[in-house]
Amino acid sequence: MNDLTALVRERSIVVCCGSGGVGKTTVSATFALAAAQAGRRACVVTVDPARRLADALGVQSLLNTPTEVSGDWPGHLSALMLDTKGTFDDLVHRYARTPEQAEGILANRLYQNLAGALSGTQEYMAMEKLYELVDSGDFDVVVVDTPPTRNALDLLDAPRRLTRFLENRLFRALLLPTRMSLRAVGVATQALLRTISKVAGAEIVQDAVSFFQAFEGMEEGFRTRAGAVREMLADPATAFVLVTSARPDAIAEASFFAEKLLERDMAPAALVVNRIHPTFGTEPAPDSGLTALEENLATMQAVAQREEAAYAGLVAQVAPAPVGRIPLFGHDVHELTALARTADCLFA
């Protein structure tokens with residue numbers, strides 16, 4: 001068993017990270033497929049609204065809840081595509097003290113406008129969905145297809161940012177008028193609300209106050225869950241897999257992410273280099289009469305050697321993490337047969 005196989009057989013969370021365009025979604029689906037082939041219950045999650053994951057798995061569409069993918073393997077394979085607002089709505093229902101409180105939040109205009117667009121919301125909801133899937137007990141391993149590298153860092157920081165937001169003095173100042181009459185709050189808070197009213201309009205301020213009033217008493221639930229998500233990401237059962245190609249920009253992004261992981265005491269568990277030119281063995285004997293083919297072989301060997309030299313520094317940086325290599329195919333991965341071929345390259 002190679003170390004990559006150990007990841008899909010033993011870890012409970014696999015987070016695939018890398019820059020855009022390196023085949024990260026395909027690699028994520030490959031890890032989930034390999035886990036199902038090993039007899040495990042696997043689910044792969046993408047935060048990318050494009051159809052790449054559905055295409056790789058050969059299914060028509062994906063929802064915000066796990067959809068099982070049929071295939072000939074002893075385990076189970078499911079997939080879902082994150083719906084940020086739908087996940088936020090579910091979270092509101094979970095933490096609301098009454099159904100009426102939940103409905104009041106969902107009907108609030110400020111919530112409707114911010115739930116899917118507020119900076120960091122998508123990243124936090126991705127982590128919330130991950131926690132939900134792991135906590136359900138329905139899956140042995142959950143594989144996450146993250147956004148491009150810089151956004152993936154936002155994803156890792158999302159639980160901490162939410163906690164800081166809930167503890168922010170401005171948040172508390174805006175929440176205060178919901179806990180007592182406006183006359184009882186401090187002069188500074190009244191001045192703040194009046195200033196916002198002048199700039200944004202009294203109607204927006206009323207929506208904001210109603211929004212925070214609806215959320216009253218729910219902060220602790222969000223804060224507790226954010227802490228649990230942070231612990232989950234730091235758990236040894238979570239594996240971070242760097243995905244790159246031989247492109248210099250992709251290698252630089254993977255190296256950058258490896259540094260940031262190490263700063264968080266989260267060492268990369270593996271490196272996958274995608275779309276590389278394979279080597280073709282030894283050179284043919286001289287005077288074989290196949291000059292054109294020999295020259296083509298020499299050219300291909302030189303390309304493969306240049307690519308290997310290009311990512312050699314990254315391999316050293318993440319050592320002793322195992323390295324998987326996927327050759328450059330002559331076609332995109334759009335169905336399970338091609339995905340199984342990719343799994344063979346990584347896990348055979």
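The values are calculated or read from the model by the stated rules, or taken from the named source; none is laboratory data. Keep in mind the model is a prediction, meaning the values are calculated, not measured. Methodologically, a virtual Cβ is constructed for each residue, glycine included, from the backbone with ideal geometry; neighbour enumeration extends over all protein chains shown. Surface accessibility is based on the protein's heavy atoms, side chains included, excluding ligands, DNA and RNA. Shrake-Rupley method; radii C 1.70, N 1.55, O 1.52, S 1.80 Å.
Structural remarks
- Ranking His93, Leu82, Leu33 by how far each Cα lies toward the positive end of the dipole of the range 32-98 (charges on Cβ) leaves His93 at the top.
- Other-chain or far-sequence residues with amide H under 5 Å of Thr146's (modelled H): Cys16
- Relative packing of peptides 242-252, 327-337 - highest average C-beta neighbours within 10 Å first: 242-252, 327-337
- Using a probe radius of 1.4 angstrom, the carbon and sulfur fraction of the accessible surface of the range 46-136 is 50%.
- Set of aspartates and glutamates near Lys85 by C-alpha distance (under 13 Å), chain-local residues within fewer than 8 positions excluded: Glu123, Glu128
- Label zone of Thr224 (point 7 Å out along Cα→Cβ, amide N under 16 Å): in the range 73-116 this covers 91-98.
- Projected-area mean, the range 23-112, by convex hull of Cα positions, square nanometres: 7.2
- Derived scalar couplings between HN and Hα for the range 11-23 equal 7, 9, 9, 10, 10, 9, 10, x, 6, x, x, 9, x Hz in order, rounded to whole Hz, by the Karplus curve 6.51 cos²θ - 1.76 cosθ + 1.60 (θ = phi - 60°), x for Gly and Pro.
- Solvent-accessible area per residue for the range 221-348 (1.4 angstrom probe, square angstrom): 51
- Centroid-to-centroid, using Cα positions, the range 225-264 and the range 86-105 are 32 Å apart.
- Extension gain for Ala50-Thr291 works out to 82.2 nm (0.36 nm per residue, less the C-alpha to C-alpha distance).
- Contour minus Cα-Cα distance for Asp135 and Glu10 (0.36 nm per residue): 43.3 nm
- Per-residue ³J(HN,Hα) for the range 84-92, Karplus 6.51 cos²θ - 1.76 cosθ + 1.60, θ = phi - 60°, Hz, x for Gly and Pro: 4, 5, x, 5, 5, 4, 4, 5, 4
- Mean Cβ neighbour count within 10 Å, used as a protection proxy, ranking 291-302, 45-56, 66-77 highest first: 45-56, 66-77, 291-302
- Inter-label distance for Asp3 and Cys345, nm, one decimal - labels placed 7 Å from Cα along Cα-to-Cβ: 2.1
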